[in-house]
Every structure is written in C-alpha cells, then in structure tokens.
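Single-structure report; data block below.
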Amino acid sequence: MSLSLWSNNSPFGGFDDDFFSGSPVFGIPALTAFKNDNLLHSSPRYEVSENSKQFRLAVDVPGVKADDIKVDLEQNGRVLHMKGHRKVEKENSFEEYKFEKRFTLGNDLDTAKLTANLSDGVLVLTAPKKEKEEPKATTVPITLGEAPALMDE
C-alpha cells in the first residue's frame, strides 16, 4: 500500500493526529472539545484506493470550501499534510470545526504530479505511480595498490 498514517514518534502511530485533539481531562485525552468551546475538532472519513498505475485518496469534507483546505507535501514529498476548517451556524452563533491529518506516502508515488480536486464535498487526491525500473547489476572493478585517502570536507 502506498499510504499509511504519519507518526512523529507517536505511541499511537499517527492515530492521534486529530482524534485526540480536544482538551485532556484528568490526564486522559478527550475525543472532542467540550460543547461550550467555540472550536471543535473532527476527523474526516477517507478512502484509499490504488491500482498498478495510480494512487487515490478520497476525503469527505462536506461544507468545506476549497479556500478553507490546505494540502502540503512535507519531508521531501513523503508526508501529505492536510488541514482545513468550516463554520457552522447554530442558532445565533457560529461553531468552527477544524481537521488536520498527515499521511506517509510510499516511495513508489510520483508526488510531483499529485493533484487535488474538490467536488460535492469530497476532496480527491491522485498521484501516479513511478515507472518501475529493472534492477541493474553493476560489476565494480578491483584495482591493485593502496586505496585513496578520505577526501576533505
């Protein structure tokens, strides 16, 4: 598979990116912010599919506008960082929902050609897979004599 949840030495392996982003109570992480908080965190559902030619990640982001989503490639194109927000009117006030998710991308993806399309509340990210190169065997010639000295930096 070309995708896994990103982990920055987390004991949860990336599972805690935003799932446990609420305020801790008695040392135990909360699943969401308290109801009287103005900011709520959510974790959008996503679906991963791939074939021999491309990889696709579809993320449900209903009510989120394209201008309210940011997708970045980090760690030399190996980590996909996605975050966004939406405001929902409740009675006479607004509640803001935020999400943030990181995924580790496989080395077999051409992340320079990653595309993102938003339609009907679904953000679809697509990347082609790199052409597989046949492994090459190279013979290293052996010369007689002293080895060269280590080069200076």
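If you take the residues in the stretch 119-153 that are open to solvent by less than 100 Å² (accessible area, probe 1.4 Å) and touching a Leu at 6+ places or on another chain (Cβ under 8 Å), which one is farthest from residue 67 (Cα to Cα)? The selected residue is 129. If the condition is being within 19 Å of residue 76 (Cβ to Cβ) and among the acidic types (Asp, Glu), then the stretch 103-132 contributes 108, 110.
Counting only strands (runs of 3 or more DSSP E) wholly contained in the stretch 1-118, the ones carrying 2 or more residues that are open to solvent by 90 Å² or more (accessible area, probe 1.4 Å) and modelled with pLDDT of 90 or more occupy 46-50.
The values are calculated or read from the model by the stated rules, or taken from the named source; none is laboratory data. Model, not experiment: these values are computed from the prediction. Neighbour counts run over all protein chains shown; Cβ positions are idealised from the backbone, glycine included. When the accessible area is computed, the model is the full protein with side chains, heavy atoms only, and any ligands, DNA or RNA have been set aside. Shrake-Rupley method; radii C 1.70, N 1.55, O 1.52, S 1.80 Å.
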